[in-house]
Each structure stands twice: as structure tokens, then as C-alpha cells.
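The values are calculated or read from the model by the stated rules, or taken from the named source; none is laboratory data. Source: prediction; values computed, not measured. For neighbour counting, all protein chains shown are included, and Cβ atoms are generated from backbone atoms with ideal geometry for every residue, glycine included.
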Amino acid sequence: MLKHGILGLINYREMTGYEIMQTFRDSLNFFWSAQTSQIYRELQTLENRKWVEKTVVPQSGKPDKNIYAITGEGREELLRWLTDGNLGLNSRIPILMKVFFMGERSREENICYFENLKDYCGMFLESLASVPEYIESYSIYVDNREKTLYWGMTVDLGRRNMQTYVEWAQDCIDLLKGEGDK
């Protein structure tokens with residue numbers, strides 16, 4: 001999946017590895033995490049598959065700059081992935097697996113878990129407030145501003161998802177504290 005995210009970013013414009021990391025951090029990182037080393041490793045794989053090509057730009061006094069561009073084959077792969085029929089829904093939800101077995105811990109430990117979950121998701125929700133600014137600043141790289149509508153849709157689902165987790169965590173806390181029995 002990471003490879004397709006990188007292909008999608010490079011599809012918008014040619015980028016260096018650093019620019020890909022930065023753009024990833026400002027956009028995809030809100031719903032897909034990747035380390036710098038993973039991105040560079042994936043770029044190597046994409047280059048080996050001939051889905052991207054690298055242009056080396058010599059620089060004086062510092063390392064050469066590698067600029068990556070999507071190839072025709074890379075664009076075909078991106079479009080194939082977008083139309084492959086897989087809705088991207090995953091029935092594997094690690095948090096639910098963990099909660100299912102939480103009866104093995106104390107009620108107090110589990111209340112703490114849900115409070116931490118609620119706090120984390122609340123902070124994540126707050127971090128999404130700046131995303132519309134990122135969308136606006138990156139919109140200059142697309143040939144059709146309609147494409148940014150999909151970026152906004154992604155943020156909207158992320159926001160809704162985090163809000164659901166906040167509400168669910170609070171409901172679990174209330175239930176564990178006996179407030180849900182009333």
C-alpha cells in the first residue's frame with residue numbers, strides 16, 4: 001500500500017525523497033504512517049520495477065539530489081490499483097482484538113486504557129484542524145483543483161473516525177464505571 005501512496009504523490013509532480021517525506025507527513029501520514037527509511041526503501045523498489053525513474057542532480061558541497069518521476073508503467077500501476085475492485089476495507093481491527101480480551105485485566109487498568117485512547121484520538125482530531133491549510137498549499141501541484149476534493153473527503157472520514165473513537169471510548173469508560181448501567 002505504501003508504494004501506491006508514493007506513486008500517487010509522485011504522480012502529482014516530480015519530487016526528491018525529502019519532498020516525498022515532507023508531503024507524506026503533511027498529507028498521507030494522517031491515515032497511513034511510514035518511517036523515512038520505509039519511504040526510501042520503497043522508492044528503490046519502485047525504481048527496480050520501473051514505476052519511477054530517478055534523475056541525479058549533482059550539487060556542489062553536498063550530496064547529489066535524486067529527483068523521482070513517475071513513469072508510464074508507474075502511472076498504469078497506480079490506475080490499476082485504483083480500479084482493482086478492492087474497497088480497502090479491512091476486517092482486521094487490532095483495537096477490537098485487544099478490547100475483546102481486556103477482561104483479563106483489572107477494570108481500573110481498562111478505564112485507564114480507554115481514557116488514553118480518548119485523549120490520543122482527541123489530540124489527533126485537533127491535529128486535523130490544520131489539514132485544510134495543507135490541502136490549499138499543495139493544490140498548486142495538481143492540474144485540476146477538483147482532485148483536492150478527494151483530499152478533503154479523506155480528512156473528513158479521518159475526522160469522523162477519530163470522533164467515533166472518542167465517543168466510543170467515553171461510552172466504554174462510562175460502562176466500566178457503572179454509569180452505563182443506569
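Would a scan of region 152-167 turn up a residue that is at pLDDT 95 or above, surrounded by 12 or more Cβ atoms within 10 Å (Cβ to Cβ) and of a type in the set (A, V, I, L, M, F, W, C)? Looking through region 152-167, at least one residue is at pLDDT 95 or above, surrounded by 12 or more Cβ atoms within 10 Å (Cβ to Cβ) and of a type in the set (A, V, I, L, M, F, W, C). Selection of region 100-114 for residues being in contact with a helix residue (DSSP H, G or I) (Cβ under 8 Å, 6 or more places away or on another chain) and either loosely packed, with under 10 Cβ neighbours inside 10 Å or not charged (D, E, K, R) (or both) yields Met102, Asn110, Ile111, Tyr113, Phe114.
Going by the conditions given, is Arg107 over 19 Å from Phe31 (Cα atoms), in contact (Cβ under 8 Å) with a residue 24 or more places away in the chain and of a type in the set (Lys, Arg)? Yes: the conditions hold for Arg107. Yes or no: Leu9 touching a Ser or Thr at 6+ places or on another chain (Cβ under 6 Å) and modelled with pLDDT under 95? Answer is yes for this residue. Checked against (1) touching a Lys or Arg at 6+ places or on another chain (Cβ under 8 Å); (2) surrounded by 10 or more Cβ atoms within 10 Å (Cβ to Cβ); (3) over 18 Å from Lys3 (Cβ atoms), Gln59 passes all but a single condition, namely (2).
Trp32: among the hydrophobic types (A, V, I, L, M, F, W, C), outside the structural domain of Ile135 (by TED's automatic domain parsing) and under 30 Å from Ser127 (Cα atoms), yes or no? Yes, satisfied.
Among the residues examined, Thr16 does not qualify as surrounded by 17 or more Cβ atoms within 10 Å (Cβ to Cβ) and touching a strand residue (DSSP E or B) at 6+ places or on another chain (Cβ under 7 Å).
State yes or no: is Thr16 over 20 Å from Lys147 (Cβ atoms) and not hydrophobic (A, V, I, L, M, F, W, C)? Considered against the rule, which asks whether it is over 20 Å from Lys147 (Cβ atoms) and not hydrophobic (A, V, I, L, M, F, W, C), Thr16 comes out as yes.
Residue-level check: of (1) assigned by TED's automatic domain parsing to the domain that holds Leu7; (2) over 17 Å from Met1 (Cα atoms), Met102 misses just (1).
Among the residues making up region 35-94, those that are small (Gly, Ala, Ser) and under 17 Å from Glu14 (Cα atoms) are Ala69, Gly72, Gly74. Would you mind stating whether Glu19 is within 22 Å of Tyr138 (Cα to Cα) and free of Cβ contacts under 8 Å to residues at least 12 places away in the same chain? For Glu19, the condition - within 22 Å of Tyr138 (Cα to Cα) and free of Cβ contacts under 8 Å to residues at least 12 places away in the same chain - is met.
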